[in-house]
1. Do the conditions hold for Ser170, that is, is it over 30 Å from Gln74 (Cα atoms), touching a residue at least 24 places away in the same chain (Cβ under 8 Å), surrounded by fewer than 12 Cβ atoms within 10 Å (Cβ to Cβ) and more than 17 Å from the chain's Cα centre (by Cα)?
2. In the set Thr188, Thr196, which member is at pLDDT below 75 and closer than 30 Å to Gln112 by Cβ?
3. Go through (1) hydroxyl-bearing (Ser, Thr, Tyr); (2) within 22 Å of Glu124 (Cβ to Cβ); (3) surrounded by fewer than 17 Cβ atoms within 10 Å (Cβ to Cβ) and name the single condition Ser55 misses.
4. So in region 137-163, with the set limited to residues that are over 41 Å from the mean Cα position of the chain (by Cα) and assigned to a helix (DSSP H, G or I), which one is surrounded by the most Cβ atoms within 10 Å (Cβ to Cβ)?
5. Do we find a residue being in the same structural domain as Thr126 (by TED's automatic domain parsing), among the acidic types (Asp, Glu) and modelled with pLDDT under 80 anywhere in region 155-176?
Amino acid sequence: MERYKDEVEKSYEIDKLRSKYLDLLNDAQGTSLQTQNKIRQQMQEQLKQLQDQASVSEYDVKLANARLEILQKQIALEDAQRNKNQMQLRRDSQGNYRYTYRANQEDVKAAQDDLLDSEFNAYELTKDETISNNDRALNMVQDFLNKRADIFNKYKDDDEARTKALEQLSADYSKLLGGMEEDFKDTTNGMYDVLTFLVKNGTEDSATSAANMLDNLFEDENKFKEDTEVL
C-alpha cells in the first residue's frame, strides 16, 4: 500500500473533510456565533494545512479527522453544559426554597468522557505514528549500511567506481531522509497539540502525565537525528 496519497486521492480526502465540517456547521445553526466561528476557523486551518502539504499521508488524513471529532465533542460538551433542563430544589439566602434549573450532570459527565476519549484516541494515533517512524528510520539506516558494505566489497579494487557508487547511494538516501524528517515534524506537532489539550483539560492524573510527556516530546525528534547521522 502506498504511504502517500496521489493528487486525486488528496483532493478527494480534502473535499470529504470539507463536507464533514460543513455538515457540522449546518447542525450548529442556532447556536452561538462563537461556536460557528470556531468551526469555520478550524475548517479553514485544517483544509489549508492539507492543501499546502506537498505530500499527504493516510496518517495526515486520520489526524485531521481526529481533530474534527475533538471539535464535535467539545461542542457537544458545551451544549450539555448550556442545556439546563434538570429541576433542582434550592434554598436562597433568606431561607426560602425554590426550584431552579441546571444542566443534567450525567449528560455533562458523559460529554466530558466522550471528549477525553477522542483526545486519547488522537494521542494514540500520534504515538503509533511516532513508533512507526522510529522503526522506519532504523530500518532505513540498516539498509543503507548493508548497501554501503556491498559497495565496498564489490568495488574493493576500483576506487573510482566505489566513490561514484557511494555518492549515488548517499544522494538516494538523502531524499528519503528529507521525507522522513517532514514526517517526524508533522507527528511531533500533532502530538504537541494533543498533549497540550490534556494538560489544560484532562483529569489531574492525565494532565500530570501529559505534562511530563510534553517535557520530553522532542527527544524522539533528536533521537531520529542521532540515528540517521550516518546517512
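The values are calculated or read from the model by the stated rules, or taken from the named source; none is laboratory data. As the structure is a computational prediction, the values presented were derived from the model and not from experiment. Cβ placement follows ideal geometry from the backbone for every residue including glycine, while neighbour counts extend to all protein chains displayed.
1. Answer is no for this residue.
2. Within the list Thr188, Thr196, the selection yields Thr188.
3. All conditions are met except number (2).
4. Among those residues, the one meeting the criterion is Arg162.
5. no
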